[in-house]
Amino acid sequence: MSTTTRSVVLVTGADLAEQALSLLGDYEVIFAGKTPTEDDIVALCAKYNPVAIIVRYSKVGDKAMAAAPSLKVISKHGSGTDTIDKVAARARGIEVVAAAGANAAAVAEQALALLLACAKSIPALNTRMHGGHWDKATHKSLELGGRTIGLVGLGAIGQRFARMVDAMGMRVVGFDPYAKDLPDYIQPVDLATIWREADVISLHCPLTEENRNLINAQTLAACRPGVVVVNTARGGLINETDLLAALQTGQVASAGLDSFQIEPMTAGHPFQGAANLILSPHIGGVTSDAYVNMGVAAAKNALEVIARQSVAA
């Protein structure tokens, strides 16, 4: 157990924005390193007994919580809390909070970049050009204006992305049972309508046990032939084997993915080298601005919980 006289905030990463560290000035901040394992987190909890954990990487499960009896709050450096055992946290009276919206601009821009790369075949054409080819006579891109895009998830990221594609002249339909007061350019629909009508499907929802493998052989078969799939949310939303099969048959014309079932992706993954598949290493929210925004929001959220619990005690 740590002998420090100050309460500890554990960060499951190697760094935190200076602006966030300034907010945590009354605490000793301990960093877990660039690629901490779940066992590393448990060991650090046992050593330092933190009052708060700011989650950047790795999972935080019941063993880590049990090793830190002083733990009051687990604060996500971002919006997705699927790497935190929320059931265990609830049972122990530990609050789980997220920096919702802090990286909305960054992730929405990544979704747009992946969509455009898919529609305009930018990576493939770039490779061909560097190889000395000129494919103007044979290539046809997908024009997005006038086509329908279906968004699954209409939180801060989904709505920001919707504004972007609406400006491009796309018809925007979306599914989110929790979204309220949607702007006029988003037409709320059910999932069946998205599968049936969308030329592009883009995922912007959290991963739950209910929607795991939401994109699968059955739902892809219900889509329009040649649909484009974009995922900047969580890899577990997509059955990767089924998506690859649909790409090979042409049922999915192309896909742009920023998240995967298992991360980091390792050598030999079936996606590597697949045609019409554009990949990025879960960096949608990784910008200099989002880094600051998420760090500050995560720190503020943690401090608010600690302050509130201290008053209640």
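The values are calculated or read from the model by the stated rules, or taken from the named source; none is laboratory data. Remember, it's a predicted structure, so these values are computed and weren't measured experimentally. Cβ atoms come from the backbone with ideal geometry, glycine included; neighbour counts cover every protein chain shown.
Return the only residue of Leu16, Leu21, Leu44, Leu10 being part of a loop (DSSP other than H, G, I, E, B), of a type outside the set (S, T, N, Q) and surrounded by 15 or more Cβ atoms within 10 Å (Cβ to Cβ).
After ruling out the rest, the residue left standing is Leu16.
Could you check segment 187-206 and list, in sequence order, the residues that are surrounded by fewer than 20 Cβ atoms within 10 Å (Cβ to Cβ), among the hydrophobic types (A, V, I, L, M, F, W, C) and not in a helix (DSSP H, G or I)?
Within segment 187-206, just Val189 meets the criteria.
Before we move on, is Ala124 surrounded by 15 or more Cβ atoms within 10 Å (Cβ to Cβ), over 23 Å from Arg308 (Cα atoms) and of a type in the set (A, V, I, L, M)?
Taking the combined requirement at face value, the residue satisfies it.
Select from segment 162-186 the residues that are among the charged types (D, E, K, R), under 14 Å from Gly145 (Cα atoms) and either surrounded by 15 or more Cβ atoms within 10 Å (Cβ to Cβ) or modelled with pLDDT under 95 (or both) and list them in ascending order.
Selection gives Asp166, Arg171.
When you look at Val107, is it in a strand (DSSP E or B) and either at pLDDT 95 or above or over 20 Å from Glu304 (Cα atoms) (or both), yes or no?
no
Only one of (1) farther than 24 Å from Ile157 by Cα; (2) modelled with pLDDT under 95 is not met by Pro264, so which one is it?
(1)
Among the residues of segment 90-100, write down those that are buried (at least 21 other Cβ atoms within 10 Å of the Cβ) and not in a strand (DSSP E or B).
Once the filter is applied, which keeps residues that are buried (at least 21 other Cβ atoms within 10 Å of the Cβ) and not in a strand (DSSP E or B), segment 90-100 yields Ile94, Ala99.
So is Gly250 at positive phi and free of Cβ contacts under 8 Å to residues at least 60 places away in the same chain or not?
yes
Out of everything in segment 116-134 that is polar (S, T, N, Q) and part of a helix (DSSP H, G or I), what residue ends up being farthest from Gly146 (Cα to Cα)?
If we take residues in segment 116-134 being polar (S, T, N, Q) and part of a helix (DSSP H, G or I), then Thr127 is farthest from Gly146 (Cα to Cα).
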